[in-house]
Amino acid sequence: AVIKVHYLALNPARHEALAAGKPLDLTATEFALLCFLARRPGWVFTRAQIIDGVKGEDYPVTDRAVDVQVLGLRRKLGERGDYIETVRGVGYRFKEE
């Protein structure tokens, strides 16, 4: 099913991400991260929950790797990168509409 939130349309089956109708050039990890967060706007996720949700449990990656992916994703979202909010001391959430 297509995920629609804010100006984004994400189609996991086709690995397509559109922002205001224009395609986004995302890596597989960035796409998975965006889908993970956008499916649950307003929910706060720890870095560990994000790693488990995007890469699977017991995937050998550091918490800081999540920060790097979020930074890259925010850059690609441009002026709307602030839809991915940092929750200080906890993790991240996708802003509710």
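3J(HN,Hα) along segment 9-21: 10, 10, 10, x, 5, 9, 6, 10, 10, 10, 10, 6, x Hz, from the Karplus curve 6.51 cos²θ - 1.76 cosθ + 1.60 with θ = phi - 60°, whole Hz, x for Gly and Pro. Sorted from longest to shortest, the spans of the Cα atoms of segment 29-94 along the three principal axes equal 34, 21, 20 Å. Taken about its Cα centre, the chain carries a charge dipole of roughly 200 debye when the Cβ of each Lys and Arg holds +1 and the Cβ of each Asp and Glu holds -1.
FYI, it's all coordinate maths here, none of it is from the lab. Just so it is clear, the structure is predicted and the values come from calculations on it, not from any experiment. When we count neighbours, we look across all protein chains shown, and the Cβ atoms used for this are built from the backbone with ideal geometry, even at glycine.
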